[in-house]
Amino acid sequence: MEKIRKLRERFQDLGIDGMMIIHPWNRLYISGFTGSNGVILISETEAKLITDYRYMEQAHDQTADYEVVLHAGHTGHKGKIFEEVAVQIKAMKIRKLGFEQEHLSYGLFSKNQTRFSTDLIPTSEVVETLRMIKSKDEIKKLRVAAEVTDKAYLHILNFIRSGITELDVAEELESFIKKNGCTATSFSPIVASGYRSALPHGRASDKIIEKGDMITIDFGANYQGYWADISRVVAVGEPAPELREIHNVVLRSFENCVAGLRPGLTDQEVDFLMRENIIRNGYNECSGTGTGHGIGLEVHEAPLFSVLKDKILEKNMVITVEPGIYLKGLGGARVEDVVLINEKGREVLTPSTKELIIL
């Protein structure tokens, strides 16, 4: 009920007396429902989940604070569900219904504008904003995911060698994570070696790891729905001097940023903390990836740090910081940790070494 209460507290400022939630991750967060088809309706006095026959028993088990409603079509057809949503809006006497403007398609909006007996009011990132502040239970899960992720990194250091492929490394990481009580299914590890490490999101390939290759590894475990996300750099033998240099710049930039994190900082200030050292060393044009992001039910969620954003760091946000430099045709380096913002400033949840490891 606490999440529903916090959402209702926003109603007056938003000019609504009800909210429709369809985005899967927002629906999961606000209700606990994990099914693929469902619409949440929350008014000032009621909370309902409309779903189809496949998920009725599951919905009753997962959503104690909601009335579960079977939609009239009795099928999984996603368009049909809004016929029942219209019936429930009328029954709940919602006059001004907020909807997630980033997640409702224009086609569905057009159909529902005439179908619903209410004014449709666009809202932006309402539930996403609630998700930014983690509860004690969420932080516990994030800690477990982070701990397993760190253990997986230490494990993989004993596995990597010349002659194996990037895919071999990715598969070993996923296997270790699963054997240690977590999952890693929707976030495929990035394992990019040699010249491919200049690809910020270079998914593991069948490229064979060679002597002198510097390897960027970016991966994370998932524990009970909550993610970790780290990036580390290792080398098989001595890498090129230019690659050593960019790793050193990235690591110092990372350390400067993390040391300055505290409640009250703006997105722009976080971005500058990270980017200042990169700019000073002349690599800003080779550092086009983001400063970092929130993490939780999604690997990448609000806040997303950039000079274009206007969020402020708050206690119990869990974020990542991930500076990177990428030299086309030569290679790249990125360092990333999961960080909890607390009243003292910050706590790094993934403290495994970020130094360049030579194997």
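The values are calculated or read from the model by the stated rules, or taken from the named source; none is laboratory data. As the structure is a computational prediction, the values presented were derived from the model and not from experiment. Virtual Cβ from ideal backbone geometry, glycine too; neighbours counted across all protein chains shown.
Would you pick out the residues in the stretch 110-164 that are aliphatic (A, V, I, L, M), closer than 23 Å to Leu313 by Cβ, in contact with a strand residue (DSSP E or B) (Cβ under 9 Å, 6 or more places away or on another chain) and part of a helix (DSSP H, G or I)? Before you say what the answer is, go through the steps one by one.
Of the stretch 110-164, the ones aliphatic (A, V, I, L, M) are 120-121, 126-127, 130, 132-133, 139, 142, 144-146, 148, 152, 154, 156-157, 160, 164.
Narrowing the set further to residues that are closer than 23 Å to Leu313 by Cβ leaves 126-127, 130, 132-133, 139, 142, 145-146.
Adding the requirement that they be in contact with a strand residue (DSSP E or B) (Cβ under 9 Å, 6 or more places away or on another chain) leaves 126-127, 132-133, 139, 142, 145-146.
Val126, Val127, Met132, Ile139, Leu142, Ala145, Ala146 - these are the residues of the stretch 110-164 that are aliphatic (A, V, I, L, M), closer than 23 Å to Leu313 by Cβ, in contact with a strand residue (DSSP E or B) (Cβ under 9 Å, 6 or more places away or on another chain) and part of a helix (DSSP H, G or I).
If we scan the stretch 170-184, do we find a residue that is modelled with pLDDT of 95 or more, closer than 22 Å to Val321 by Cβ, charged (D, E, K, R) and out of contact with any Cys (no Cβ under 8 Å at 6 or more places or on another chain)?
Scanning the stretch 170-184, I find no residue that is modelled with pLDDT of 95 or more, closer than 22 Å to Val321 by Cβ, charged (D, E, K, R) and out of contact with any Cys (no Cβ under 8 Å at 6 or more places or on another chain), so the answer is no.
Spot the failing condition for Thr320; the list is (1) among the polar types (S, T, N, Q); (2) surrounded by fewer than 15 Cβ atoms within 10 Å (Cβ to Cβ); (3) within 21 Å of Cys286 (Cα to Cα), and only one is missed.
In the conditions (1) among the polar types (S, T, N, Q); (2) surrounded by fewer than 15 Cβ atoms within 10 Å (Cβ to Cβ); (3) within 21 Å of Cys286 (Cα to Cα), Thr320 misses (2) alone.
Please name all residue pairs, on different chains or six or more residues apart, with Cβ atoms under 6 Å, provided the first residue is in the stretch 155-180 and is within 20 Å of Ser205 (Cβ to Cβ) and the second residue is surrounded by fewer than 21 Cβ atoms within 10 Å (Cβ to Cβ) and of a type in the set (Ser, Thr, Tyr).
Filtered contacts from the stretch 155-180: Glu166/Ser205.
Pairs only if they're at least six apart or on different chains, beta carbon under 7 angstrom, first in the stretch 60-77 and buried (at least 17 other Cβ atoms within 10 Å of the Cβ) and modelled with pLDDT of 95 or more, second of a type outside the set (A, V, I, L, M) and assigned to a loop (DSSP other than H, G, I, E, B); list them, first residue then second.
Hits for this filter: Gln62/Gly32; Gln62/Phe33; Gln62/Thr34; Thr63/Gly32; Thr63/Phe33.
Check the stretch 262-273 and report whether any residue there is over 26 Å from Leu130 (Cβ atoms), surrounded by 22 or more Cβ atoms within 10 Å (Cβ to Cβ) and of a type in the set (Phe, Trp, Tyr).
Among the residues of the stretch 262-273, not one is over 26 Å from Leu130 (Cβ atoms), surrounded by 22 or more Cβ atoms within 10 Å (Cβ to Cβ) and of a type in the set (Phe, Trp, Tyr), which makes the answer no.
Against the definition (of a type outside the set (Asp, Glu), buried (at least 21 other Cβ atoms within 10 Å of the Cβ) and farther than 28 Å from Val299 by Cβ), how does Leu41 come out, yes or no?
Numbers: of a type outside the set (Asp, Glu): yes; buried (at least 21 other Cβ atoms within 10 Å of the Cβ): yes; farther than 28 Å from Val299 by Cβ: yes.
Yes, satisfied.
For the stretch 318-333, how many residues meet the condition of being closer than 16 Å to Asp229 by Cα and assigned to a strand (DSSP E or B)?
Filtering the stretch 318-333 down to residues closer than 16 Å to Asp229 by Cα leaves 318-324, 333.
Still in the list and also assigned to a strand (DSSP E or B): 318-321, 324, 333.
Summing the residues that are closer than 16 Å to Asp229 by Cα and assigned to a strand (DSSP E or B) in the stretch 318-333 gives 6.
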